[in-house]
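Below you'll find the structure, written out as structure tokens, and then a few comments.
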Amino acid sequence: MNNNDEFEKLINSFKLEDPDDSEPKTEKKALPAGGRAPSAAGSGRPQGQTRRPGPAAGAGSSPSRASSQAPGRARKGQEFELDIPEERPLNGGEKPVRESRGEGKPAPARKVKKKKYRVFRALIIALLITGMCFYLAVFSLDVAFDLLGIDQPENEVTVDIPQGAGLSDIASILKDEGVITQPLVFRLYAKLKKAGEFQFGEYIMTAKMPYDTIFSVLEEGEDRVDIATVTVREGATLLDVANQLEELGVCEADEFIEATEEGEYNYEFIQRIGEDDPLRFYRLEGFLFPNTHQMFLGENPELVVKRFLQDFNGQMTADLYSRMNELNMTLEETITLASIIQKEAGDPAEMAAVSGVFHNRLNNPGTFPRLESDPTIFYVERVIKIQQESQNQEMYDAYNTYVCEGLPEGPICNPGLAAIEAALYPEEHDYYFFITDNEGKYYYATTMEEHEANIARADQVNAELASSSAAE
């Protein structure tokens with residue numbers, strides 16, 4: 001087999017036969033300039049195929065081939081083109097005719113249009129992302145400045161927080177008053193910080209206040225303009241406190257007293273108080289710790305009571321409770337004795353000595369069964385009787401230490417810390433009696449005879465003071 005036959009077989013291997021047509025239709029391709037179309041008859045190849053140009057043909061070449069080329073030389077620039085018959089899809093559908101390279105076709109135009117669309121879409125997305133980033137940056141700065149109170153107005157505003165207002169209501173009020181600009185962020189930050197139990201009332205605020213400061217102000221009631229200063233003195237009764245609160249506009253006296261009797265307060269020392277005692281007059285008498293408190297006008301009475309009880313609970317240390325156990329005294333007994341000491345000894349320097357007198361009597365009930373303290377009678381006459389609608393002699397006697405044995409039924413006032421400590425740390429001596437004159441001098445005695453002599457001396461001093469005062 002010569003070279004021409006091998007090349008012919010190679011060309012035949014590229015033939016695409018259509019099962020429906022014996023002779024495939026071909027599409028003639030243009031030859032380069034100066035080339036000649038090969039003769040199908042002289043080539044001996046199937047119609048529609050051409051031979052790739054190559055070296056000069058050897059023996060057995062067709063005459064037409066030989067005549068078109070110089071002997072022993074190959075024609076330069078001649079191309080080989082393969083005419084591919086039209087393909088038919090197997091499913092019988094029509095398939096677009098492939099277009100030869102170099103012919104004008106719409107595909108490149110569609111590609112350009114599609115490319116332009118992608119560029120435009122990418123530009124729009126980039127602009128949207130840039131805008132969102134800019135907005136988020138501005139919003140983040142505004143949130144940060146509002147949260148920290150940076151670069152905000154310094155003018156003061158009065159903010160009225162109504163009673164019962166929730167977190168959302170407070171955030172809206174603060175925004176309306178110009179204190180904050182981001183109420184949603186304020187609510188979220190408050191929940192994150194677990195801030196709560198905000199106090200109602202009128203506050204003086206500025207936009208320069210950070211959120212944390214606003215939380216503190218609302219929780220503690222600081223910077224409020226509707227505040228009353230309530231100073232409860234040592235020895236004040238619960239009725240005194242109630243009347244004082246009403247006079248200052250904090251709450252009604254009757255509502256305060258009702259709150260002390262009916263309110264529920266979660267303090268351990270409350271469980272140590274005999275609540276079911278029918279002869280006890282005021283349940284929380286003695287436990288409203290004397291101090292200076294800042295109260296809100298129109299305050300909830302139970303919250304006012306809670307402030308007093310919280311103060312008392314903070315004053316009662318573990319050492320004091322330990323000392324009660326050493327003396328085998330209950331909290332109620334301690335406060336009751338302290339209330340008597342508070343009323344009997346106006347001078348804190350004398351409290352321990354007065355406490356020693358009462359402890360000596362309590363430790364010798366066979367000889368001195370009663371404490372015989374005048375302030376207990378005053379409590380019955382000036383507090384219990386005027387507050388009760390009907391007479392209750394049994395209760396009167398339970399508080400009158402000239403009648404009852406040992407300590408009275410309950411405290412007769414609210415003692416201070418000095419009186420409580422004196423009740424737990426009495427001075428050791430042998431006195432069972434004491435009396436004071438109008439100058440504040442104390443006279444102590446062991447026996448009744450000594451006590452009667454001291455009474456005479458105190459009466460003489462009091463008479464001289466009265467005569468001197470009348471002469472002036």
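The values are calculated or read from the model by the stated rules, or taken from the named source; none is laboratory data. These numbers were taken from a predicted model, which means no experiment stands behind them. Here the Cβ positions follow ideal geometry from the backbone for every residue, glycine too, while neighbour counts run over all protein chains shown.
Just one of the listed residues (405, 394, 450) is charged (D, E, K, R), touching a Lys or Arg at 6+ places or on another chain (Cβ under 9 Å) and over 30 Å from residue 292 (Cβ atoms), and it is 405.
Only one entry of 160, 169 meets the criterion of being surrounded by 12 or more Cβ atoms within 10 Å (Cβ to Cβ), in contact (Cβ under 8 Å) with a residue 40 or more places away in the chain and out of contact with any helix residue (DSSP H, G or I) (no Cβ under 7 Å at 6 or more places or on another chain), and that entry is 160. Restricting to region 339-391, name every residue that is small (Gly, Ala, Ser) and closer than 18 Å to residue 411 by Cβ. If the condition is that a residue be small (Gly, Ala, Ser) and closer than 18 Å to residue 411 by Cβ, then 339, 345, 346, 355, 373 are the ones that fit.
Using the structure shown, decide if residue 177 is loosely packed, with under 15 Cβ neighbours inside 10 Å and either at pLDDT 75 or above or over 18 Å from residue 212 (Cβ atoms) (or both). No: the conditions fail for residue 177.
Across region 180-205, the qualifying residues are those that are over 28 Å from residue 251 (Cβ atoms) and at pLDDT below 85, and the one among them that is surrounded by the fewest Cβ atoms within 10 Å (Cβ to Cβ) is 194. Within region 266-306, the residues that satisfy the criterion of being without any contact (Cβ under 8 Å) to a residue 40 or more places away in the chain and either over 30 Å from residue 396 (Cα atoms) or aromatic (Phe, Trp, Tyr) (or both) are 266, 303. Taking helices (runs of 4 or more DSSP H) as the structural unit, those lying wholly within region 233-349 and holding at least 1 residues that are surrounded by fewer than 15 Cβ atoms within 10 Å (Cβ to Cβ) correspond to 238-247, 253-262, 301-315, 318-327.
Using the structure shown, decide if residue 439 is loosely packed, with under 15 Cβ neighbours inside 10 Å, touching a strand residue (DSSP E or B) at 6+ places or on another chain (Cβ under 9 Å) and among the acidic types (Asp, Glu). So residue 439 fails the test.
Against the conditions (1) aliphatic (A, V, I, L, M); (2) assigned by TED's automatic domain parsing to the domain that holds residue 410; (3) out of contact with any strand residue (DSSP E or B) (no Cβ under 6 Å at 6 or more places or on another chain), residue 230 satisfies every one except (3).
For region 156-202, the set of residues classified as closer than 24 Å to residue 144 by Cβ, touching a strand residue (DSSP E or B) at 6+ places or on another chain (Cβ under 8 Å) and hydroxyl-bearing (Ser, Thr, Tyr) is empty. Listed by position, the helices (runs of 4 or more DSSP H) inside region 359-472 whose residues that are outside the structural domain of residue 253 (by TED's automatic domain parsing) and either without any contact (Cβ under 8 Å) to a residue 40 or more places away in the chain or within 59 Å of the chain's Cα centre (by Cα) (or both) number at least 1 are 448-471. Only one entry of 214, 180 meets the criterion of being in a loop (DSSP other than H, G, I, E, B) and among the aliphatic types (A, V, I, L, M), and that entry is 180.
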